[in-house]
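Have a look at the structure below before the remarks.
The values are calculated or read from the model by the stated rules, or taken from the named source; none is laboratory data. Keep in mind that this is a model prediction, so the values were computed, not measured. In this analysis, Cβ positions are derived from the backbone assuming ideal geometry, glycine residues included, and neighbour counts consider all displayed protein chains. Please note that ligands, DNA and RNA were not included when accessible areas were found on the heavy atoms of the full protein model with its side chains. Shrake-Rupley method; radii C 1.70, N 1.55, O 1.52, S 1.80 Å.
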Amino acid sequence: MGMTMTQKILAAHAGLDRVEAGQLIEADLDLVLGNDITSPVAIREMEKMNIQGVFDREKIALVPDHFVPNKDIKSAEHCKCVREFACRHGITNYFEVGEMGIEHALLPEKGLTVAGDVIIGADSHTCTYGALGAFSTGVGSTDMAAGMATGKAWFKVPSAIRFRLTGKPSKWVSGKDVILHIIGMIGVDGALYKSMEFTGDGIAHLSMDDRFTIANMAIEAGGKNGIFPVDEKAIAYMKEHSQKEYTVYEADEDAVYDAVYTIDLSTLRPTVAFPHLPENTKTIDEITEDVKIDQVVIGSCTNGRLDDIRTAAQVLSGRHVAKGIRCIILPATQAIYLQAMEEGLLKIFIEAGAVVSTPTCGPCLGGYMGILAAGERCVSTTNRNFVGRMGHVDSEVYLASPAVAAASAVTGKISSPEQLD
């Protein structure tokens, strides 16, 4: 009986020849991640343990990004806690304002995540790095504390679901549409504590930014992790961004999967998740009534990368945000912000009547920079649309791709770029 990609990575990091689904193991960690919300809890737990140091100051990443720049006194105190901890322990990969970005876009960009790594982060969307062929998963702050102290973590080896992607997506279909389609198909608990392993010739037609988006939202289907095979695009990305050595793992031909789904990317349409779950999906063609909106947010760890910003600019170029609509655009890192500026994309946004923010997670979790009032609707490129996720419990969040979000900003209702022509 063979092993999946995830099982091979975990076996190697546990010093074992093989592992099986359901087995409990202790694995060595290549990176431990925390942000300004979760790290203070982990730091306090370390203090309770009387831990004097960290296992490796090079293998910890602290990224203040949720309420940064600080929105109030409490967030300032949290960031101060993280900053002082990083200084006290000489943490190499601490990213201050001006260097920071949204963590799950920043770490690959900085070359801290590569194929074959085992990565934990006290943030549920840590599964993003599976796009590079790593095993990465979200954990609680207590597990983060243990990881920073020991460099190890306990795992129950997950079983797997295989998603065989074929065909080439059409012009306005992106990675966001692919993952929303999958979540709509299997449900928010359809991959509960399972590895979502993506294969097939269709992957070649997905950019790295598409893959980061898909892996990022594995958790929204309940997945323990999402993971892609390491191909030429992934290798080129790692060579461009990282000096770290990477290891390529491939699933065995006789690897066992709980289920196998085949998805023809050429048949997919722009997809929107209606309130209040990511599984509540409709294609743009299935939306037969006008869904009027108040706000659009384009950004987050899911869709704030350069491809996303370029797509939004392509749709907004020469057009204007509808009167009464707030359109907020958040490049995910300083490097993406700078590139967008150099390409003239920020000029397009401002001329279109949008506002451009410094990198922050702010509006995604209802923190700041785009809070919704009662009765308001937002089309957002973020990852969750739970009740009250972006503000008042009587507000509504519709998840969509940057293309659909930008088109919706122009019309004032949920729309696709095709409907603008």
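Overview of values
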item	result
Any hit, region 314-324, residues being out of contact with any helix residue (DSSP H, G or I) (no Cβ under 7 Å at 6 or more places or on another chain) and basic (Lys, Arg)	yes
Residue match in region 222-236 (condition: of a type in the set (Phe, Trp, Tyr) and under 24 Å from Asp307 (Cβ atoms))	yes
Matching residues, region 167-203, being part of a helix (DSSP H, G or I) and not small (Gly, Ala, Ser)	Lys176, Asp177, Val178, Ile179, Leu180, His181, Ile182, Ile183, Met185, Ile186, Asp201, Ile203
Elements of type helices (runs of 4 or more DSSP H) contained in region 275-368, each with 2 or more residues being of a type in the set (A, V, I, L, M) and in contact (Cβ under 8 Å) with a residue 24 or more places away in the chain	306-316, 334-342, 345-351
Selection status of Val315, modelled with pLDDT of 95 or more, open to solvent by less than 10 Å² (accessible area, probe 1.4 Å), within 27 Å of Ser124 (Cβ to Cβ) and not acidic (Asp, Glu)	no
Some residue of region 15-24 being open to solvent by less than 10 Å² (accessible area, probe 1.4 Å) and closer than 24 Å to Phe198 by Cα	yes
Complete set of residues in region 204-219 that are part of a loop (DSSP other than H, G, I, E, B) and open to solvent by 10 Å² or more (accessible area, probe 1.4 Å)	Ser207
Whichever residue in region 220-274 is touching a Pro at 6+ places or on another chain (Cβ under 9 Å) and within 12 Å of Phe163 (Cβ to Cβ) and, among such residues, is surrounded by the fewest Cβ atoms within 10 Å (Cβ to Cβ)	Leu265
Residues of region 54-77 satisfying the condition of being in contact (Cβ under 8 Å) with a residue 40 or more places away in the chain and either touching a His at 6+ places or on another chain (Cβ under 7 Å) or crowded, with 23+ Cβ neighbours inside 10 Å (or both)	Val54, Ile60, Ala61, Val63, Asp65, His66, Phe67, Val68
Residues of region 370-418 satisfying the condition of being touching a residue at least 60 places away in the same chain (Cβ under 8 Å), aliphatic (A, V, I, L, M) and farther than 19 Å from Leu330 by Cα	Val387, Ile414
The lone exception for Pro331 - which of (1) over 15 Å from Ala405 (Cβ atoms); (2) open to solvent by less than 30 Å² (accessible area, probe 1.4 Å) it fails	(1)
Among (1) within 15 Å of the chain's Cα centre (by Cα); (2) at pLDDT below 95 - the single one Gly175 does not satisfy	(2)
Search result, residues across region 4-26 that are outside any helix (DSSP H, G or I), among the hydrophobic types (A, V, I, L, M, F, W, C) and either at pLDDT below 95 or touching a Phe, Trp or Tyr at 6+ places or on another chain (Cβ under 6 Å) (or both)	Ile25
Unmet requirement for Val387, which otherwise passes all of (1) in contact with a helix residue (DSSP H, G or I) (Cβ under 9 Å, 6 or more places away or on another chain); (2) open to solvent by 40 Å² or more (accessible area, probe 1.4 Å)	(1)
Pairs with Cβ under 7 Å, 6+ apart, first in region 218-230 and without any contact (Cβ under 8 Å) to a residue 60 or more places away in the chain, second crowded, with 24+ Cβ neighbours inside 10 Å and not basic (Lys, Arg)	Ala221/Ile182; Ala221/Ile183; Ala221/Ala191; Ala221/Met196; Gly222/Ala191
Which numbered condition Arg305 misses (of (1) under 25 Å from Asp65 (Cβ atoms); (2) modelled with pLDDT of 95 or more; (3) open to solvent by 60 Å² or more (accessible area, probe 1.4 Å))	(3)
Residue within region 402-409 that is under 23 Å from Pro69 (Cα atoms), touching a helix residue (DSSP H, G or I) at 6+ places or on another chain (Cβ under 9 Å) and open to solvent by less than 60 Å² (accessible area, probe 1.4 Å) present	no
Residue in region 35-56 that is touching a Pro at 6+ places or on another chain (Cβ under 9 Å), among the charged types (D, E, K, R) and more than 22 Å from Gly140 (Cβ to Cβ) present	no
Residue match in region 75-91 (condition: farther than 18 Å from Cys364 by Cβ, modelled with pLDDT of 95 or more and of a type in the set (Val, Ile, Thr))	yes
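For (1) closer than 23 Å to Asn383 by Cα; (2) out of contact with any His (no Cβ under 7 Å at 6 or more places or on another chain), each residue gets a yes or a no:
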residue	(1), (2)
Tyr246	no, yes
Leu268	yes, no
Thr283	yes, yes
Ile293	yes, yes
Gly299	yes, yes
Ala313	yes, yes
Ile336	yes, yes
Gln339	no, yes
